[in-house]
Structure formats: structure tokens, C-alpha cells
Amino acid sequence: MSKANLLDRRQVVSTLLADRKDVVAIGGLGASTNDITAAGDHARNFYLWGGMGGAAMIGLGLALAQPKLPVLVITGDGEMLMGMGSLATIGLQKPANLSIVVLDNEAYGETGGQTSHTSAAADLVGVARACGVTDSRSISTMAEVEAFAKALHDVSAGPRFANVKIGSAGVERILPTRDGTYIVNRIRGDLGFQPI
Amino acid sequence: MHARADASAPTWPDDIFATLQRFDVRQVPYVPDAGHSKLIERVLASSTMRGIPLTTEEEGVALLAGAWTGGQRGVLLMQSSGVGNCINMLSLIPILRFPFLTLVTMRGEWGEFNPWQVPMGSTTQGVFELSGVKVLRASNAAEVPAVLEAAAAQAYNALTPTAVLLSQRLIGAKVFTK
């Protein structure tokens, strides 16, 4: 299989977040959360170090609670495969302000690069569409990434899903804070909520 | 079709609904169960609560983390067999420290006819306790309001993760056999 024209994961994520304004960004367990960190720490970044399969559902809960805010989930193919049922849950709720981007390297990069289901059979774009996320697309160029980065600010036209085929080359490990309570309370504080 | 041991329409689901409303619960993820059917109907008819059907119970744990981050309280409705599906996702609760309340209709106890329900029903309380979730139980309709009040207060005011087990004695054992 040709692996030409695969996009660079860090370039994809930094483009998605370059003009982020009020976006809340959730990074799925694994390299995606590091990619968000590499694009720049931010009070509205939700870094996941566990809870594999939960990134899209955290995004849904946030999107329903804050319907005027763009909520962006950035995760990997393995993490999305583990929470595939959540695409059906999201397709039913249709939160117009939720966008999901899968960085698809067709492998479990954190555990030794074992191939994932997307390498040969599973089509996440088709799954999302079949679950009712009608704006579901495959992205293979940076121009498409730039267009998606603009579109996700429209909180009346989602939910939207994009699968981006990325290269599997290792990148520098840039790690965010591991303190989950700090992460949540920092976002809540930035949204104007007081501590309990 | 199935019959319930107690055929009269129960009012305890209305008590639960009233308590959840008073505590400003907004997101109600659920996997359906017959014992939750009246409460689910009340939630879906509510203008302040959003009922969110899940494909598997662990989705609800992650959803409640996101809801709280966005400023809303939620409650997860499921039956005891779904508790096992949640185990890894329950690790988010102490790590992210969000208010967690779940109402669990019990199977596999008190007159159960289906042996397949018994293993998970027997370990439900233990699974919660090993995962750091406090367990309260309501065994009859009269104690539902006080148990729900205590559970909601400690979950939302004290951030004490709490599960309320609604016993099969309360909801009525399913009867398929003669």
C-alpha cells in the first residue's frame, strides 16, 4: 500500500488550533494529547492520560453543557475504535458544536506500533456517517485541514467528523500536566465557574 | 412479555425525579432497564434534563466528566450488569474529581429467575467499592426519598462518588416462568 502524502500529525494539530479563539480541545489518550501540548499549553486543553475510548464522550458532555462553544476532540484511531459506540450516541444527540478529528496512523503507536483495524478494514469515516454524523470526511491535504479548522468554529453546523491519515514517524515527546483535577478546574475556571 | 411481582404503578421513580430536579441535574445518560423505565420517561419529557441513550454504560462515565467540565451535573442510569462495563472508565472519577452519581437497578438478587444475571449482580457492590464509589441501597419505596437525598447531597456537595442500588425487592423481580 502506498504511504505517500501522509500528513504530519504535529502540523495537522497546530493548524487546527492556530486560531482557536474560544475552542475547548480534548486530546485522546496517547500521542494525540501530546500533539495538543506541542501546539501550546492552553487553559482550555483537556489532556487525557487514561480512560481509553472516552475522549469523544467527554467532548459530547462538554458540547451539550456549552452549546455556544466549539468543542474539538482530537484523538487517535485506536482510541476511537475503543469508543466506536460513542459515534452512535453522538449521531443521535447531534451536538452542532462538536467536532471530532481522528489522527489515523493505522497503528497503536504508544505500544510498539502494532497495526490497528483501520490499516486494512475499518473505515471510521463510514462508521461516523452511518451513525448519523452526516458531515464525515476523509482528509488527506493540509488545505482540507485548514478548511476544517475554520469550519469547526461554526457551532450551528455540526457534529462533524474527520479522519486524517498521518505518517507513523515518531515525534518528540512533549508531555502535558498529568494532574487531572488541575486540568478540569483550569477549564472550569476559564469558563467562569467557581470551585465548589 | 413479563410481569412484575408488584403490578401497581410505583411512585418512587417520581420521588427520584423530583430529587434530581432539585439538585439541578441536567444530563441523564442511560442504558435502558425496565426498572428505570418510568424515570426515563420523566427525564425525556423534562424541559431541564436531557436524556442521553448510550450504547454502553462506560460512555456515561466519560460523558459526566465532560458535562461537569462544562458546568453541568449529571446522573448515570443503568442496571447492575452495566456496572462491569464501566470499570476502567470509573478511574476518571478520582483523577478528574467530578461529581458522580449513578442509580443502578439490581438484577441477580431477591427472587431472580435468570442465573445469567447472578454473577454480575453479586459483584456489583464490590466492584463499586473497589473502584472508590460509595454504595447506598434502597430496598423499599418508603426509603427511596431519603436515600436519594443523601446520595445526591454527598455526590454533588461533597464530591463523594456515589452509587444507589435500587434493589430487586423494590423494583420487583422479573417473572418469565410459570
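Determine which single condition A:Ser86 fails, assuming it passes every other condition in (1) at positive phi; (2) buried (at least 23 other Cβ atoms within 10 Å of the Cβ).
Going through the list (1) at positive phi; (2) buried (at least 23 other Cβ atoms within 10 Å of the Cβ), A:Ser86 breaks only (1).
Mind counting the residues in the stretch B:109-162 that are among the aliphatic types (A, V, I, L, M), farther than 21 Å from B:Phe17 by Cα and touching a residue at least 24 places away in the same chain (Cβ under 8 Å)?
Residues meeting the conditions: 3.
Within the stretch A:76-83, identify whether any single residue is more than 11 Å from chain B (Cβ to nearest Cβ), surrounded by fewer than 24 Cβ atoms within 10 Å (Cβ to Cβ) and touching a helix residue (DSSP H, G or I) at 6+ places or on another chain (Cβ under 8 Å), and answer yes or no.
Yes, that holds for at least one residue.
List the pairs whose first member sits in the stretch B:15-30 and is in a loop (DSSP other than H, G, I, E, B), whose second member is at pLDDT 95 or above, and whose Cβ atoms are under 7 Å apart, counting only residues at least 6 apart or on separate chains?
B:Phe23/B:Arg73; B:Phe23/B:Ala152; B:Phe23/B:Tyr156; B:Asp24/B:Arg73
Where in the stretch B:84-166 are the helices (runs of 4 or more DSSP H), entirely inside, with at least 3 residues that are over 12 Å from the mean Cα position of the chain (by Cα) and more than 14 Å from chain A (Cβ to nearest Cβ)?
Counting at least 3 such residues, we get B:118-130, B:144-157.
Within the stretch A:1-103, considering only helices (runs of 4 or more DSSP H) that don't extend past its boundaries, which have at least 2 residues that are free of Cβ contacts under 8 Å to residues at least 24 places away in the same chain?
A:55-65
So which residues in the stretch B:44-72 are surrounded by 23 or more Cβ atoms within 10 Å (Cβ to Cβ) and farther than 15 Å from A:Ala88 by Cβ?
Within the stretch B:44-72, B:Val61, B:Leu64, B:Ala65, B:Gly66, B:Ala67, B:Trp68, B:Thr69, B:Gly70 qualify.
Go through the stretch A:187-196 and give me each residue that's modelled with pLDDT of 95 or more and more than 10 Å from every other protein chain (Cβ to nearest Cβ).
Residues satisfying the conditions are A:Gly189, A:Asp190.
The values are calculated or read from the model by the stated rules, or taken from the named source; none is laboratory data. What you are looking at is a predicted structure, and each value in this text was computed from that prediction instead of being measured. With ideal geometry, Cβ positions are generated from the backbone for all residues, glycine too; neighbour counts draw on all protein chains shown.
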